[in-house]
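A.B. asks: Mind having a look at this structure? Questions to follow.
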Number of protein chains: 2
Amino acid sequence: MKKENLNVAIVGATGAVGTKILEKLIERNFPVKSIKMLASKRSAGTEIVAGGKSYVVEETVPESFENVDIAFFSAGGAISKMFAHEAVKRGAVVIDNTSAFRMDKDIPLVVPEVNAHVLQEHAGIIANPNCSTIQMVAALQPLKEKFGISRIIVSTYQAVSGAGAEAIEELEKQSGQFNDRANIQAELLPSASAERHYPIAFNAIPQIDLFDESGFTLEELKMMNETKKIFGDDQMSVTATCVRLPVVTGHSESVYVELEEEGITVEELKSAMENAKGVIVQDDPSSQSYPMPLYAEGKDEVFVGRIRKDPQHNKGFHMWIVSDNLLKGAALNSVQIAEQLVQS
Amino acid sequence: MKKENLNVAIVGATGAVGTKILEKLIERNFPVKSIKMLASKRSAGTEIVAGGKSYVVEETVPESFENVDIAFFSAGGAISKMFAHEAVKRGAVVIDNTSAFRMDKDIPLVVPEVNAHVLQEHAGIIANPNCSTIQMVAALQPLKEKFGISRIIVSTYQAVSGAGAEAIEELEKQSGQFNDRANIQAELLPSASAERHYPIAFNAIPQIDLFDESGFTLEELKMMNETKKIFGDDQMSVTATCVRLPVVTGHSESVYVELEEEGITVEELKSAMENAKGVIVQDDPSSQSYPMPLYAEGKDEVFVGRIRKDPQHNKGFHMWIVSDNLLKGAALNSVQIAEQLVQS
């Protein structure tokens, strides 16, 4: 991979994540020569301004990827399946932020702080994990490394921006109906492709993405399977319950972790996490200090708080993990993967 | 206890729960002769209309309880500590919906479907459990009885009405600030008596009530300790993480349960719960049927859905439990305790 003067393309340029990828490339001085903003035919011609420069969105066609070095995809699984191989064929490395390729055995699924080493072998496509998975594994990586993890049970509190820009608009519109909340009309959530839609304002929807025949949702299965793949540990037990909330941006997670090692203290746990890159331990009950999604919005880090030892299980710990789902959960992690490729 | 013509008093008559107790007494034809609405001096004179009748609120003084048969308390722990014994001294049975007496060894803590039998011995005060505890034990009781429960891990998604009428107003006010959400001013939540206040609109606050030196909040400890007391099982492991959400009414809970019996199927679990009084199993992923707080508001039952067997733990199950925190979580359960006293 070239180390400078890179030609970059962003597919899904007008989406919630696409615009953040552009912002992060500029903010982090990624060594670009050009950035091509790609989207659907409908969005072609749209102007996007970032870092004092204007970018005109073009329609995505196979030829868009001629001379592109790195292509970020964040326009849904169908678009990735349609164009990712076209991009690779033309010599680009694809960093894909959809679920299209994540569980393919031969495609690396990467959170740089956790498993950057798997980037050494790839065949052109690198998968960016699901937002709720990324922040969890980033926070738990130091525990996995130091003490071993045998079990994770996670309940999520996920923001609407994870479902895209239209879901943000839906929450905004519904939020005006406080007193008439029994009559809120829903058009999008829990999933555009679901048959039934439910209000998100003043509600909690225990469905993200569609259901699998197992009774788990695809979002829950993503967390369960991706976590094992990223940690490279098939034996680890991971179970998730994923819930959408009336929060704009910032996913929160109530996480139970069972360590392999016995007798670890809360202080040892905290100190391991405090030393981890990209993780901030924000945990002081006496000053009511703990992470919250409203304050994580716009921040790059993964915040961890409410760390408690289980009173009846010596290897068990409970904690609360919060991060901006559009940044570390998506755009930032994708750009960090690109940085890793360029450095190595 | 008399079986009819009862003189009833409601302390905290103007509060979110007090008014629901009045409504439930009328709706369920509780055999009253009179209902005395009691509150602070400040609220005295307020008129409350319910069931086509008007009730004028009086100031609570020790003499208010002369000739009262049943006194419902729901005006905070300090008021209960001040007046409950005065009421008992004058011959009333107190049904207390605060945390003042719940963990007293000699005071029954009652969810009628679970442990009505403990009502046979009381010394005048009966405690109504915490809202988030009630709905959980009501849903889990059939599992405890049929299969045994060794462990519970619960993460809550709690509504603001659990913090009273002022918290509802705070959410309403803040909900108008969608685009200016970074500048929302908070005055009440997570707890009026806490030093710092955080916005609840478009946020999730992992603190309900104050912190204990253990790092758990009092709300979490209530769920952990009350569950064991109600189930009469000191050995059971219960751990809670309690979170406040921008939901008006309706607490939700993501619950992991470990049974004592091995090899139970999801169908056996569902069938046990379907036969339980006051519990509705609403669980059909194929039609996106699962409980949500917005739809539980105003309903008496406890709703259970998203029931899944843990893929890697044969005795483990995950589920989603929702109920109206002001009804089964407070007012309804209190009135059901009174009904039990009158019937027995």
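None of the figures in this text is laboratory data; all of them are computed from the coordinates on show. Keep in mind that this is a model prediction, so the values were computed, not measured. Reconstructed Cβ throughout: ideal geometry from the backbone, glycine too, with neighbour counts over all protein chains shown.
A.B. asks: Put the label 7 Å from Cα along Cα→Cβ for B:Val61; what are its distances to the other copies, in nanometres, shortest first?
C.D. replies: 8.9
A.B. asks: Let me ask something else. Run the Debye formula on the Cα coordinates of the protein assembly as shown, all scatterers equal and no solvent, and tell me log10 I(q)/I(0) at q = 0.06, 0.12 1/Å.
C.D. replies: Log10 of I(q)/I(0), two decimals: -0.36, -1.26.
A.B. asks: A further question on this structure: Gain in length, B:Lys89 to B:Ser34, computed as 0.36 nm per residue apart minus the alpha-carbon separation, to one decimal in nm? Can you show the working numbers first?
C.D. replies: Values: separation 55, 0.36 × 55 = 19.80 nm, distance 1.98 nm.
Additional length available on full extension: 17.8 nm.
A.B. asks: Hey, quick one: spin label on B:Ser150, modelled 7 Å out along Cα-Cβ, who in segment B:255-284 has an amide N within reach, i.e. under 17 Å?
C.D. replies: Answer for this model: B:256-265.
A.B. asks: Could you calculate the contour length gain from B:Ser344 to B:Glu169, that is, 0.36 nm times the residue separation minus the distance between their Cα atoms, to one decimal place in nm? Before the final figure, lay out the partial values.
C.D. replies: Working: separation 175, 0.36 × 175 = 63.00 nm, distance 4.03 nm.
Length gained, B:Ser344 through B:Glu169: 59.0 nm.
A.B. asks: A further question follows. Rounded, prolate or oblate: pick one for segment B:84-184, where a ≥ b ≥ c are the square roots of the eigenvalues of its C-alpha gyration tensor, a/c under 1.5 means rounded, and failing that, prolate if a/b is larger than b/c, else oblate. Display every interim value, and only then the final one.
C.D. replies: Details: a/c = 3.71, a/b = 1.48, b/c = 2.51.
Oblate.
A.B. asks: Sticking with this structure for a sec: Within a 10 angstrom radius of each residue's Cβ in A:286-296, how many Cβ atoms of other chains show up on average? Whole number is fine. Don't skip to the end; give the middle numbers.
C.D. replies: Numbers: counts 4, 3, 11, 1, 6, 2, 9, 4, 11, 4, 0.
If you average over the peptide's residues, the count of other-chain Cβ atoms is 5.
A.B. asks: Let me ask something else. Identify the residue of chain B whose Cβ lies closest to the rotation axis that maps chain B onto chain A, and give that distance in whole Å.
C.D. replies: Of all Cβ atoms in chain B, the one nearest the axis gives B:Ser155, 2.
A.B. asks: Which ³J(HN,Hα) values, rounded to whole Hz and listed in residue order, are derived for segment A:196-213 from phi using the Karplus coefficients 6.51, -1.76 and 1.60 in 6.51 cos²θ - 1.76 cosθ + 1.60 with θ = phi - 60°, glycine and proline given as x?
C.D. replies: Working through the residues one at a time gives 10, 10, 10, x, 9, 5, 6, 9, 9, 10, x, 8, 10, 6, 8, 8, 8, 5 Hz.
A.B. asks: Which of the pairs A:Lys229/A:Lys328; A:Lys309/B:Lys144; B:Lys33/B:Lys81; A:Lys328/B:Lys173; A:Lys146/A:Lys328 have their Cα atoms more than 29 Å apart in this structure? Let's see the in-between values first.
C.D. replies: On the way: A:Lys229/A:Lys328 18 Å; A:Lys309/B:Lys144 25 Å; B:Lys33/B:Lys81 27 Å; A:Lys328/B:Lys173 31 Å; A:Lys146/A:Lys328 23 Å.
Cα-Cα > 29 Å for A:Lys328/B:Lys173; rest within.
A.B. asks: Taking 25 °C and 0.890 mPa s as the conditions, I'd like the Stokes-Einstein D for segment B:133-324 in µm²/s, using the Kirkwood hydrodynamic radius from alpha carbon pairs.
C.D. replies: It comes out at roughly 140 µm²/s.
A.B. asks: From other protein chains only, count the Cβ atoms within 10 Å of every residue's Cβ in A:302-311, then give the mean.
C.D. replies: On the way: counts 0, 0, 0, 2, 10, 1, 7, 3, 4, 7.
Neighbouring Cβ atoms belonging to other protein chains average 3 per residue here.
A.B. asks: Averaged over B:176-183, how many beta carbons belonging to a partner chain fall within 10 Å of each residue's beta carbon? Let's see the in-between values first.
C.D. replies: Values: counts 3, 1, 9, 2, 0, 6, 4, 0.
Neighbouring Cβ atoms belonging to other protein chains average 3 per residue here.
A.B. asks: Could you check the simple spin-label distance between A:Ser193 and B:Glu4, using points 7 Å along Cα→Cβ, in nm with one decimal?
C.D. replies: About 6.4 nm, to one decimal.
A.B. asks: Label A:Val118 and A:Asp234 with points 7 Å out from Cα along Cα→Cβ: what is the distance between them in nm?
C.D. replies: Output for this residue pair reads 1.4 nm.
A.B. asks: Work out the length of the dipole vector of the protein assembly as shown about its Cα centre, built from +1 on the beta-carbon of each Lys and Arg and -1 on the beta-carbon of each Asp and Glu, and round it to the nearest 20 debye.
C.D. replies: Details: 66 positive and 94 negative charges, 86 e Å.
Dipole about the Cα centre, nearest 20: 420 debye.
A.B. asks: With r as the distance between the Cβ atoms of B:Ile26 and B:Glu59 and R0 = 25 Å, compute the FRET efficiency 1/(1 + (r/R0)^6) and round to 0.05.
C.D. replies: 0.60
A.B. asks: Can you put A:Arg244, B:Arg28, B:Arg308 in order of Cβ neighbours within 10 angstrom, beginning with the fewest?
C.D. replies: Values: A:Arg244 28, B:Arg28 13, B:Arg308 21.
Ordered by Cβ neighbours within 10 Å, fewest first: B:Arg28, B:Arg308, A:Arg244.
A.B. asks: While we're here: Can you put B:Thr46, B:Thr19, A:Thr133, A:Thr156 in order of Cβ neighbours within 10 angstrom, beginning with the fewest? All intermediate terms of the calculation are to be shown ahead of the outcome.
C.D. replies: Numbers: B:Thr46 14, B:Thr19 21, A:Thr133 26, A:Thr156 29.
So the residues, fewest neighbours to most, are B:Thr46, B:Thr19, A:Thr133, A:Thr156.
A.B. asks: What spacing in nm lies between the two simple spin-label points modelled at A:Gln185 and B:Glu261, each 7 Å away from Cα in the Cβ direction?
C.D. replies: Rounded to a tenth, the inter-label distance reads 4.9 nm.
A.B. asks: Continuing with this model, one more query. What does the copy distance list look like for A:Ser344, label position 7 Å along Cα→Cβ, in nm and ordered from shortest?
C.D. replies: Listed shortest first, these distances are 6.7 nm.
A.B. asks: Please provide three numbers in whole Å: the alpha-carbon extents of chain B along the principal axes, with the largest listed first.
C.D. replies: The principal-axis extents, from largest down, are 60, 54, 42 Å.
A.B. asks: Which whole-Hz ³J(HN,Hα) couplings does segment B:301-307 yield from phi under the Karplus relation 6.51 cos²θ - 1.76 cosθ + 1.60, θ = phi - 60°, glycine and proline marked x?
C.D. replies: Values per residue, Gly and Pro as x: 7, 9, 9, 10, x, 6, 7 Hz.
A.B. asks: Lys/Arg Cβ at +1, Asp/Glu Cβ at -1, dipole of chain A taken about the Cα centre: which of A:His122, A:Ser344, A:Ala165 is farthest positive-ward?
C.D. replies: A:Ser344
A.B. asks: To continue, here is another question. Kindly put A:Asp106, A:Asp96 in sequence by how many other C-beta atoms sit within 10 Å of each C-beta, fewest to most. Provide the component values of the computation, followed by the final result.
C.D. replies: Working: A:Asp106 9, A:Asp96 28.
Ranking A:Asp106, A:Asp96 by Cβ neighbours within 10 Å, fewest first, gives A:Asp106, A:Asp96.
A.B. asks: Nearest 500 deg cm²/dmol is fine: what mean residue ellipticity at 222 nm does the protein assembly as shown get from its DSSP H runs of n ≥ 4 alone, each adding -39,500 (n - 2.57), divided by its residue count?
C.D. replies: Values: 18 runs with 192 residues, N = 688.
Calculated from helices alone, the mean residue ellipticity at 222 nm is -8500 deg cm²/dmol.
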